[in-house]
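Step one of this worksheet: look at the structure below.
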Amino acid sequence: MAVFCERTAADPGLLARPDVQKLTPYQSARRIMQAAGVTGEVWLNANESAEAEPMAPETKLFNRYPEPQPEAVVERYAAYAGVSPEQILVTRGGDEGIELLVRTFCRPGEDAVLQFPPTYGMYAVSAETNGAEVVNLVTSPDRGWLPDVAEAAKVLEERTDVKLVFACSPGNPTGTLIPVGMLRKLAELTAGRALLVIDEAYIEFTPANTAVELLKDYPHVVIIRTLSKAFALAGLRCGFLLSSPAVIGMLRKVIAPYPIPVPCADIAAQALSPESVSLMHRRAAQCVMRKCELEVALEDLDGVEAVYLSASNFLLVRFVDAARVFTALRDRGIILRDQSRQPTLENCIRITVGTKDENERLLTELEEILKEAA
Ligand SMILES: *Cc1c(COP(=O)(O)O)cnc(C)c1O
């Protein structure tokens, strides 16, 4: 007989898994701003593209379910990435790819993921929400935040529960590239034990450094891609996992039956046409140029300790007093991403490259704020 419990009757949230009850909900920048009572005008916090072209879906009737994996999108992305269609899974953003990997390869309460902080927050979020332990090997700015391969080898020797190793290149929030040679070493080390997941969300800003060649030699390597950054389609929610047919086949069993809505598939296919891809390359190249200008201007400011070399569409900047800078800019309607709480990133703020006007406004306000402090 079921026992009536007043506590859970009043708050059915208490019926949720205890580990889920302990989680802190994701705080979007928009929510943080609302809580602070500010309306942001310049959003340089989410590494979105500052520029985009208008797009519209072709389909007008939606009574039918979509294709489980939209063929045109798969074919075009395969051609763009230089892999075969069987090596691709289309997902709802790169984030769904991360989630699927954890759900497919980690047993809740038993398996673990390995990551190299400071790094992208969703690896830990997906692991934690699915009951997988997170093993951290913190990297150091003195070594360009590169993973310590020997340390990783030791962890993989010592524990057999690590099923996924996440390496982000270019790194978010560091902007650092992991050389393909080093990723190859990690691939050697993980073979037969764990998947090596290489997150290439920003690879369009440095296309020569892709690790896609590793897919030929290592069926356990997975590459994460997205249309959210250089393709200027963060609102579309479309990403990709590239791997061997063996890994993709497993992931297909776990992904929802119709994950990609028809309008998204339409627009993704358009974004992957040869003309749109060359537009994307041009946009990315211009963004890289604005990044260099911003980098030089930031380095000149008092109150800036370091501007780190970045291979993507953002800069990581160490200030003398990041909390003050972040709040003062926020109160002037400029929203950045505070990274101070990540290991080794005390006083660091991540700044997405904006339009020319946005970057100029940021620099003007920053100069004023830093002068006040001096
Ligand atoms: C933005 C980002 C992603 C994926 O974002 P989606 O919008 O879900 O495609 C994945 N990894 C990193 C490091 C990112 O910065």
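A few remarks follow.
- In the range 101-122, residue farthest from the ligand (Cβ to nearest atom) [restricted to those that are crowded, with 24+ Cβ neighbours inside 10 Å and assigned to a helix (DSSP H, G or I)]: VAL102
- Flag if GLU293 is touching a residue at least 24 places away in the same chain (Cβ under 8 Å), over 17 Å from GLU358 (Cβ atoms), acidic (Asp, Glu) and surrounded by fewer than 19 Cβ atoms within 10 Å (Cβ to Cβ): no
- Scanning the range 26-47 turns up one or more residues that are among the basic types (Lys, Arg) and within 16 Å of the ligand (Cβ to nearest atom).
- Total residues in the range 231-266, condition of a type in the set (A, V, I, L, M), surrounded by fewer than 22 Cβ atoms within 10 Å (Cβ to Cβ) and within 16 Å of the ligand (Cβ to nearest atom): 3
- Single match in ALA50, ALA56, ALA72, ALA81 (criterion: closer than 24 Å to ALA208 by Cα, touching a residue at least 60 places away in the same chain (Cβ under 8 Å) and out of contact with any strand residue (DSSP E or B) (no Cβ under 7 Å at 6 or more places or on another chain)): ALA50
- With respect to the conditions (1) away from the ligand (no atom under 16 Å from the Cβ); (2) assigned to a loop (DSSP other than H, G, I, E, B), ALA50 falls short on a single one, namely (1).
- Considering residues of the range 138-160 that are touching a residue at least 24 places away in the same chain (Cβ under 8 Å) and of a type in the set (A, V, I, L, M, F, W, C) only, the residue surrounded by the most Cβ atoms within 10 Å (Cβ to Cβ): TRP145
- Among the residues of the range 332-355, those that are over 19 Å from LYS229 (Cβ atoms) and of a type outside the set (Val, Ile, Thr) comprise ARG332, GLY333, ASP338, SER340, ARG341, GLN342, PRO343, LEU345, GLU346, ASN347, CYS348.
Every number in this text was worked out from the coordinates using simple rules, so none of it is lab data. Because the structure is a prediction, the values reported are computed rather than measured. Ideal geometry is used to build each Cβ from the backbone, glycine not excepted, and the neighbour counts take in all protein chains shown.
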